[in-house]
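Note sheet for the following structure.
Any read-out appearing in this document is the output of simple, stated calculations on the displayed coordinates, not a laboratory observation. Bear in mind that the values here come from a model prediction, so they are computed numbers and not experimental data. Glycine gets a Cβ as well: all are built from the backbone with ideal geometry, and neighbour counts include every protein chain shown.
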Amino acid sequence: MWIIAGGGRRNRTLMTMLAGHVQGAVVPAEALGFDGDSIEAEAWAYLAVRSVKGLPLTFPATTGCSEPVTGGLLNKPKGAR
């Protein structure tokens, strides 16, 4: 079973296309009692914290990159701490 969170779960065409490319049921998070918007927000927050700390977000075993990769740089305005 594939549990889909985030805004894309509201797109019927996207959900249908996804179901045609994976094995198992494709269901929105709400079908199992979860809040799909909340899950997406939590995932982005988790990735943001890892990025700020310079920790990798992407790994060779999951994406095929040559080495673990961070989420980029944090650009703060002048005077910000």
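Helix 36-52 and the long axis of the chain differ in direction by around 30°, with both axes built from C-alpha atoms.
If you average over every viewing direction, what projected area does the convex hull of the Cα atoms of the chain give, in nm²?
For the chain, averaging the hull's shadow over all directions gives 7.7 nm².
Full extension of the segment from W2 to T63, taken as 0.36 nm per residue of separation minus the current Cα-Cα distance, would add 20.1 nm. When you restrict to C-alpha pairs under 8 Å that are six or more residues apart and normalise by the size of the chain, the relative contact order lands at 22 percent.
The residues neighbouring L47, those whose beta-carbon lies less than 12 Å from its own, together hold a net charge of 0 under the Lys/Arg +1, Asp/Glu -1 convention. The modelled label-to-label distance between K76 and R12, using points 7 Å beyond Cα along the C-beta direction, is 4.8 nm.
Relative to the Cα centre, the charge distribution of the chain, modelled as +1 at Lys and Arg Cβ and -1 at Asp and Glu Cβ, gives a dipole magnitude of about 420 debye.
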